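The structure appears right after this line, and notes come after that.
Throughout, read-outs are computed from the coordinates displayed, never taken from laboratory work. Keep in mind that this is a model prediction, so the values were computed, not measured. Positions of Cβ are backbone-derived with ideal geometry, glycine not excepted, and every protein chain shown enters the neighbour counts.
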Amino acid sequence: MTEAGSAAGPGADEERDLLGGRWLTGDTPYGAMIDRLRDFLDHVAAAKLDDATAQALDADLAAWTQRLTPMVADEAHRMFGRVRDAPGHGQVFAPAFIPDQMGDDLLHARVTFGAFHLGANYAAHGGAVALLFDEILGLPANMSAQRMARTAYLHVNYRAITPIDKELQVSAWVTKVEGRKRFVRGELRDGDLLCADAEGLFIELLPHQQ
């Protein structure tokens, strides 16, 4: 869990407000672009590129990097990860999930790991599974918190292979609240098969923390 002073960026209350009502919506050009980028990364990961294609792609990416450089903004004004109703909230490093049920202390969702998250032998990388759990468990941990709650620890048990290119089911629920501490559990399933489960502790920040 990271603690920082208020000089480093927006305060916890402002951050929580960004996580509440002032996110972008998925029905925007940015949301559509993120979906395209996620699909692009899966195709790059799955492709066998010849030298000419790799060189052309490198040139295109270099041109886009140069075009984006003057648009770099401070964290409070960035769009990445702030698309409220889009799968994955408008970011691409964690697998995108689609919530089916979300309450104050639980979440049920669907998720598909693509080629971008491949470990080997058509199984998702263990780090991608852990990253998904950090995202999923953090949602119910923050639903009823007065301020943002950050991850203090995350323990993941890998029970079976997590396949790529197949829709899976993921759930998370709060098991206990002790003051600022929120204990959360989660499961990742392929039908009746338990692929992985996790337990996390999330701690609500103090007013001066972020």
Item checked: For the range 123-197, convex hull volume per residue from C-alpha positions, Å³ -> 89 Å³
Item checked: Rounded FRET efficiency, nearest 0.05, which uses the C-beta distance separating GLN146 from PHE40 and R0 of 30 Å -> 0.15
Check: Rg and Dmax of the range 6-204, Cα atoms, in Å?
Finding: 18.2, 59
Item checked: Qualifying trypsin sites (Lys or Arg not before Pro) for the range 130-175 [loop in DSSP, other Cβ within 10 Å: at most 16] -> ARG159, LYS166
